[in-house]
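Working notes, structure below.
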Amino acid sequence: MRFDLTDLRLFLNVQETGSITAGARRSHMTLASASERVRGMEDTLGVPLLLRGPRGVEPTPAGRTLGHHARVGLAQMDRMRGELDHYGQGLKGHVRVLCNTAALSEYLPPVLGAFLKDHPRVSVDLEERLSHEIADALRAGACDIGVLADSADLHGLRTVTFRHDPLTLIVPADHPLAGSQEVGLADVADQEFVGLVEGSALQEHIAHHARRGGKALSYRVRLRSFDAVCRMVGQGVGIAIVPRVAAVRCGRAAGVRRVALADGWASRDLVLCVRETLPAYAAELVEYALRDAPVSKGTGRAP
């Protein structure tokens, strides 16, 4: 039985995405090549690794066993690269980071820019996910670093506060709520909203809390960035909930007013979480990320 690292990474990507097509895309190969590699692994082992259905694929018991050992083996290879990196210039490091919407758009770009400039032989795979999905991925060893809201289940993770990131309501300057100090989501849930595109981690988070209150938010338009959301609110299209840091950055130019949210879930921190052991270059990325971090509240064992 001989599988190369490309086979193992492909199989993990297929298992995580639930689709050979999506796994091939994440692995930067064609669907035909990915399908041939998966069939080759099944032929070598003599057992099916995936159950194929109209909505995607699921691993068989043999597939789950292969996924477990592939994840352990690839993590060990990453650690080896990190340790040997000090002895030569030929090896490159790769760090996989999962983060929520606010971290992706507001906080991580300057951190990654500085880190990648100083580490030309390291690459970073950055992907947006829901906070609870990030926590699950970390526990499963499917990523190196996660940046997520502290409202997620952090049990068993090594965590430290990354940034304070409260959410705020923004309204047009002439909106009746523009002079208000504080409102709850239930007070505005029946109004027209401007939001991020469907699938955004932050939008899913807000929708979840609206549903808990028996509400379904109505969106007039969905956009790809907080800048665009703020501008649209400033033009009177609707109201929005965004991270306060984005509202402060865009507020004056967009012509919006901030109104604090009274809901407890809106007062949140982003935490940085890691798996148990990291390659040296991934640990250095953590150090860069925590340079401007506030004092930790002690959410768990610090990385």
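Data for the structure
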{"quantity": "Relative frequency of Cα-Cα separations exceeding 22 Å in the stretch 34-166, percent", "calculated": "54"}
{"quantity": "Fraction of the pair-distance distribution of the stretch 6-85 above 20 Å, Cα-Cα pairs, percent", "calculated": "30"}
{"quantity": "Heavy atoms of D136 accessible to a 1.4 Å probe, total area in Å² rounded to 10", "calculated": "80"}
{"quantity": "For the chain, accessible area per residue (1.4 Å probe, heavy atoms of protein chains only), Å²", "calculated": "50"}
{"quantity": "Unpartnered cysteines - no second Cys beta carbon under 4.7 Å - across the chain", "calculated": "C99, C143, C273"}
{"quantity": "Residue-span extension gain [L126 to R139] - 0.36 nm each, minus C-alpha spacing", "calculated": "2.9 nm"}
{"quantity": "Over the chain: helical MRE at 222 nm, DSSP H runs n ≥ 4 each giving -39500 (n - 2.57), nearest 500", "calculated": "-12500 deg cm²/dmol"}
{"quantity": "The chain: most fluctuating residue of Y219, Y107, Y281 per GNM, C-alpha cutoff 10 Å", "calculated": "Y219"}
{"quantity": "Whole-Hz couplings from phi, Karplus 6.51/-1.76/1.60, listed for the stretch 157-171; x for Gly and Pro", "calculated": "9, 8, 10, 8, 4, 9, 8, 6, 9, x, 9, 9, 8, 10, 9"}
{"quantity": "Distance histogram for the chain (every C-alpha pair counted, 20 angstrom bins, percent rounded to whole numbers)", "calculated": "30, 52, 18, 1"}
{"quantity": "Residue with peak Gaussian network fluctuation, the chain [Cα springs, cutoff 10 Å], from V248, V229, V47", "calculated": "V47"}
{"quantity": "Selected from G255, G93, G214 as most flexible by GNM, with the chain as the system and alpha-carbon contacts under 10 Å", "calculated": "G214"}
{"quantity": "Order of exposure, largest accessible area first, which applies to I134, I20 with probe 1.4 Å", "calculated": "I20, I134"}
{"quantity": "Estimated FRET transfer efficiency when R0 is 22 angstrom, pair Q235-H208 (beta carbons, to 0.05)", "calculated": "0.20"}
{"quantity": "Probe 1.4 Å - accessible area at L202, Å² to nearest ten", "calculated": "10"}
{"quantity": "S105, S267, S27, reordered so the largest accessible area comes first (probe 1.4 Å)", "calculated": "S267, S105, S27"}
{"quantity": "Computed label-point distance, nm, for sites D118 and E58 using a 7 Å Cα→Cβ extension", "calculated": "4.6"}
{"quantity": "The stretch 215-294: GluC sites (Glu not before Pro) in DSSP loop, at most 14 other beta carbons within 10 Å", "calculated": "E276"}
{"quantity": "Whole-number percent relative contact order across the stretch 187-226, with pairs defined as alpha carbons under 8 Å at least 6 apart", "calculated": "58"}
{"quantity": "Carbon and sulfur %, accessible surface of the stretch 108-235 computed with the full protein complex present, 1.4 Å", "calculated": "47"}
{"quantity": "Cut-off under 5 Å, modelled amide H: who pairs with V95 long-range", "calculated": "S123, V124, D125"}
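The values are calculated or read from the model by the stated rules, or taken from the named source; none is laboratory data. None of the values given here were measured: they were computed from a predicted structure. Glycine gets a Cβ as well: all are built from the backbone with ideal geometry, and neighbour counts include every protein chain shown. SASA here: full protein model, heavy atoms, side chains in, ligands and nucleic acids out. Shrake-Rupley method; radii C 1.70, N 1.55, O 1.52, S 1.80 Å.
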